[in-house]
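K.L.:
Dropping the structure in here first, questions after.
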Ligand code: 4AD
Ligand code: MG
């Protein structure tokens with residue numbers, strides 16, 4: 001008898017198969033026991049009827065607890081009323097392990113309770129659906145860049161210097177010196193872009209963020225493309241195409257999962273380029289018109305971003321921020337040096353910034369003076385300045401935060417559910 005995945009039972013109607021999985025739920029009416037089995041690929045109801053299987057097997061079914069591991073034999077029946085459209089008429093059972101009393105019942109639990117048991121919480125239909133969507137998002141991002149001739153370059157995680165400011169660095173002993181966990185692979189991608197033209201890295205990044213918000217993790221995954229000979233405008237085109245491509249892929253490939261998590265996909269369906277573009281100045285005007293108190297020169301907070309994004313159906317680019325609120329490497333606008341050729345992409349539905357990027361300083365002297373002004377240790381950036389010494393060219397790139405992107409696609413109210421084991425200000429367990 002063949003062991004099959006629940007996702008493939010449709011191919012075995014009226015045949016006897018084995019399913020290896022876990023007991024998700026059990027109901028009994030005395031002579032009939034209904035088991036909901038899950039095997040990672042799906043859920044199916046298995047029905048054991050007294051008299052149709054051996055008394056021993058029926059007794060075993062009766063003793064199963066939630067999350068017990070089993071191999072169940074049965075005949076696949078097509079049944080419109082069954083969840084998923086198929087049912088298994090049990091013919092035999094092997095128990096692998098009877099689970100202890102499972103801490104997560106099928107009732108509602110509080111978030112703290114679930115986060116403390118994240119290793120088990122992952123088994124629920126909602127969490128598995130989100131993780132499958134995350135997988136599709138990552139796969140689609142890779143396909144997008146690979147199809148366009150970008151080369152995947154892995155950035156180091158242990159680094160001697162900061163990319164995004166020194167206030168959110170995690171440090172660790174590195175033999176006789178100090179190393180920092182990478183905040184961004186960008187500086188290394190700039191080196192790689194000078195070698196290969198179009199590159200991207202995709203990996204974990206770390207920020208010692210003291211922020212307890214629904215959008216901040218201390219460890220998150222970022223995809224960071226970097227392109228030689230590309231200016232701010234070219235950079236934005238890649239971003240709007242990437243975001244649209246990934247969303248359309250998820251809508252096509254992950255219909256069931258989006259349904260499981262009850263995502264209203266109406267607004268996602270319309271996400272296609274071009275996205276609206278407004279300058280920082282225009283954004284400040286919009287905030288003022290909406291009655292938000294905001295002073296030119298400050299950075300936007302989450303609330304400001306929500307107000308801005310609400311004015312548009314599509315994600316919106318905000319470009320040319322004041323240089324003072326952005327990182328040291330941002331190229332000043334030649335026509336107005338107090339602002340820089342940066343852009344953030346703000347997602348709709350209250351999700352705010354999902355991408356940060358811009359055109360980089362390509363002039364050695366200017367870069368050196370910015371490194372000084374930001375009080376960064378020059379020795380650690382010597383190699384980076386060297387990139388402007390040997391064939392410097394205009395270049396741009398951006399970073400897309402996977403968790404914020406997935407939170408938006410899934411319509412979640414916190415990034416903690418978008419990553420298997422979230423690391424937060426107050427959580428590093430399990
Ligand atoms: O805007 P950020 O800080 O930009 C950079 O790191 C650039 N060096 C990227 C580049 O140009 N190569 O971060 C980029 C994105 C944000 O828009 C956000 O989506 C995500 O990374 N991000 C976070 N996600 C979760 N938790 C945090 N603490 C995050 N910080 C940034
Ligand atoms: Mg940013």
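K.L.:
Let me confirm something: among 209, 136, 164, 190, which residue is touching a residue at least 12 places away in the same chain (Cβ under 8 Å) and in contact with a strand residue (DSSP E or B) (Cβ under 7 Å, 6 or more places away or on another chain)? Before the answer, list the steps.
P.N.:
Values: 209 fails: in contact with a strand residue (DSSP E or B) (Cβ under 7 Å, 6 or more places away or on another chain); 136 fails: in contact with a strand residue (DSSP E or B) (Cβ under 7 Å, 6 or more places away or on another chain); 164 fails: in contact with a strand residue (DSSP E or B) (Cβ under 7 Å, 6 or more places away or on another chain).
On inspection, the qualifying residue turns out to be 190.
K.L.:
I would also like to ask the following. Check 329, 321 and return the single one that is within 14 Å of ligand 1 (Cβ to nearest atom), in the same structural domain as residue 400 (by TED's automatic domain parsing) and under 21 Å from residue 160 (Cα atoms). Please lay out each step first, then the result.
P.N.:
Values: 321 fails: under 21 Å from residue 160 (Cα atoms).
Exactly one of 329, 321 is within 14 Å of ligand 1 (Cβ to nearest atom), in the same structural domain as residue 400 (by TED's automatic domain parsing) and under 21 Å from residue 160 (Cα atoms), namely 329.
K.L.:
Taking region 158-183 as the search range and keeping residues that are part of a strand (DSSP E or B) and under 24 Å from the mean Cα position of the chain (by Cα), which one is farthest from ligand 2 (Cβ to nearest atom)?
P.N.:
If we filter region 158-183 for residues that are part of a strand (DSSP E or B), which is where we start, we get 158-159, 171-174, 177-181.
Restricting the remaining residues to those that are under 24 Å from the mean Cα position of the chain (by Cα) gives 158-159, 180-181.
Values: 158: 23, 159: 18, 180: 18, 181: 18 Å.
Residue satisfying both the conditions and the ranking: 158.
K.L.:
For region 263-276, enumerate the residues that are surrounded by fewer than 17 Cβ atoms within 10 Å (Cβ to Cβ) and touching a residue at least 24 places away in the same chain (Cβ under 8 Å).
P.N.:
Once the filter is applied, which keeps residues that are surrounded by fewer than 17 Cβ atoms within 10 Å (Cβ to Cβ) and touching a residue at least 24 places away in the same chain (Cβ under 8 Å), region 263-276 yields 264, 267, 270, 272, 273, 274, 276.
K.L.:
Yes or no: residue 244 in a loop (DSSP other than H, G, I, E, B), surrounded by fewer than 21 Cβ atoms within 10 Å (Cβ to Cβ) and either under 18 Å from the mean Cα position of the chain (by Cα) or assigned by TED's automatic domain parsing to the domain that holds residue 355 (or both)?
P.N.:
Details: in a loop (DSSP other than H, G, I, E, B): no; surrounded by fewer than 21 Cβ atoms within 10 Å (Cβ to Cβ): yes; either under 18 Å from the mean Cα position of the chain (by Cα) or assigned by TED's automatic domain parsing to the domain that holds residue 355 (or both): yes.
Criteria not met by residue 244.
K.L.:
While we're looking at this one, here's another question. With the requirement that a residue be within 16 Å of the chain's Cα centre (by Cα) and either closer than 18 Å to residue 351 by Cα or assigned to a helix (DSSP H, G or I) (or both), what does region 249-262 give you? First the steps, then the outcome.
P.N.:
Of region 249-262, the ones within 16 Å of the chain's Cα centre (by Cα) are 249-251, 254, 257-258, 261.
249, 250, 251, 257, 258, 261 - these are the residues of region 249-262 that are within 16 Å of the chain's Cα centre (by Cα) and either closer than 18 Å to residue 351 by Cα or assigned to a helix (DSSP H, G or I) (or both).
K.L.:
Could you please let me know if residue 230 is crowded, with 16+ Cβ neighbours inside 10 Å and more than 24 Å from the chain's Cα centre (by Cα)? Give the derivation first.
P.N.:
Working: crowded, with 16+ Cβ neighbours inside 10 Å: yes; more than 24 Å from the chain's Cα centre (by Cα): yes.
For residue 230, the condition - crowded, with 16+ Cβ neighbours inside 10 Å and more than 24 Å from the chain's Cα centre (by Cα) - is met.
K.L.:
Have a look at 394, 420, 430 and point out the one that is more than 30 Å from residue 255 (Cβ to Cβ), out of contact with any strand residue (DSSP E or B) (no Cβ under 6 Å at 6 or more places or on another chain) and exposed (fewer than 14 other Cβ atoms within 10 Å of the Cβ).
P.N.:
When all the criteria are applied, what remains is 430.
K.L.:
Name the single residue that is surrounded by the most Cβ atoms within 10 Å (Cβ to Cβ) among those in region 348-365 being closer than 29 Å to residue 229 by Cα and more than 16 Å from ligand 2 (Cβ to nearest atom).
P.N.:
Checking each candidate, the answer is 361.
K.L.:
Given (1) within 14 Å of ligand 1 (Cβ to nearest atom); (2) farther than 30 Å from residue 106 by Cα, where does residue 139 come up short, assuming only one miss?
P.N.:
If we test residue 139 against (1) within 14 Å of ligand 1 (Cβ to nearest atom); (2) farther than 30 Å from residue 106 by Cα, just (1) comes out false.
K.L.:
Suppose we keep only residues that are modelled with pLDDT of 95 or more and away from ligand 1 (no atom under 15 Å from the Cβ) within region 380-391. Which one would you say is surrounded by the most Cβ atoms within 10 Å (Cβ to Cβ)? Before you say what the answer is, go through the steps one by one.
P.N.:
As a first pass, look at region 380-391 and keep what is modelled with pLDDT of 95 or more: 381-391.
If we keep only those that are away from ligand 1 (no atom under 15 Å from the Cβ) as well, we get 382-383, 385-386, 388-391.
Working: 382: 11, 383: 13, 385: 14, 386: 12, 388: 20, 389: 8, 390: 7, 391: 8.
My answer is 388.
K.L.:
While we're here: Tell me which of these residue 82 doesn't satisfy, since it passes every other one: (1) touching a strand residue (DSSP E or B) at 6+ places or on another chain (Cβ under 8 Å); (2) buried (at least 18 other Cβ atoms within 10 Å of the Cβ).
P.N.:
In the conditions (1) touching a strand residue (DSSP E or B) at 6+ places or on another chain (Cβ under 8 Å); (2) buried (at least 18 other Cβ atoms within 10 Å of the Cβ), residue 82 misses (2) alone.
K.L.:
Residue 9 is checked against (1) assigned to a strand (DSSP E or B); (2) within 23 Å of residue 254 (Cα to Cα) and fails just one. What number does that condition carry?
P.N.:
Residue 9 satisfies every listed condition except (1).
K.L.:
Here is a list: 384, 351. Which entry is in contact (Cβ under 8 Å) with a residue 40 or more places away in the chain and under 30 Å from residue 307 (Cα atoms)? Reasoning before the result, please.
P.N.:
Numbers: 384 fails: under 30 Å from residue 307 (Cα atoms).
Checking each option against the conditions leaves just 351.
K.L.:
Only one residue in 275, 312, 294 is assigned by TED's automatic domain parsing to the domain that holds residue 129 and either within 16 Å of ligand 1 (Cβ to nearest atom) or in contact with a strand residue (DSSP E or B) (Cβ under 6 Å, 6 or more places away or on another chain) (or both), so which one is that? It would help to see each step written out before you state the result.
P.N.:
On the way: 312 fails: either within 16 Å of ligand 1 (Cβ to nearest atom) or in contact with a strand residue (DSSP E or B) (Cβ under 6 Å, 6 or more places away or on another chain) (or both); 294 fails: either within 16 Å of ligand 1 (Cβ to nearest atom) or in contact with a strand residue (DSSP E or B) (Cβ under 6 Å, 6 or more places away or on another chain) (or both).
Answer to the selection: 275.
K.L.:
If you check 427, 404, 423, which single one turns out to be in contact with a helix residue (DSSP H, G or I) (Cβ under 8 Å, 6 or more places away or on another chain) and not assigned by TED's automatic domain parsing to the domain that holds residue 221? Break it down stepwise before answering.
P.N.:
Details: 404 fails: not assigned by TED's automatic domain parsing to the domain that holds residue 221; 423 fails: in contact with a helix residue (DSSP H, G or I) (Cβ under 8 Å, 6 or more places away or on another chain).
That would be 427, the only listed residue that is in contact with a helix residue (DSSP H, G or I) (Cβ under 8 Å, 6 or more places away or on another chain) and not assigned by TED's automatic domain parsing to the domain that holds residue 221.
K.L.:
Which numbered condition in (1) surrounded by fewer than 14 Cβ atoms within 10 Å (Cβ to Cβ); (2) away from ligand 1 (no atom under 13 Å from the Cβ); (3) in contact (Cβ under 8 Å) with a residue 60 or more places away in the chain is the only one that residue 154 fails?
P.N.:
(3)
The values are calculated or read from the model by the stated rules, or taken from the named source; none is laboratory data. In this text the structure is predicted, and so the values were computed from the model without any measurement. Methodologically, a virtual Cβ is constructed for each residue, glycine included, from the backbone with ideal geometry; neighbour enumeration extends over all protein chains shown.
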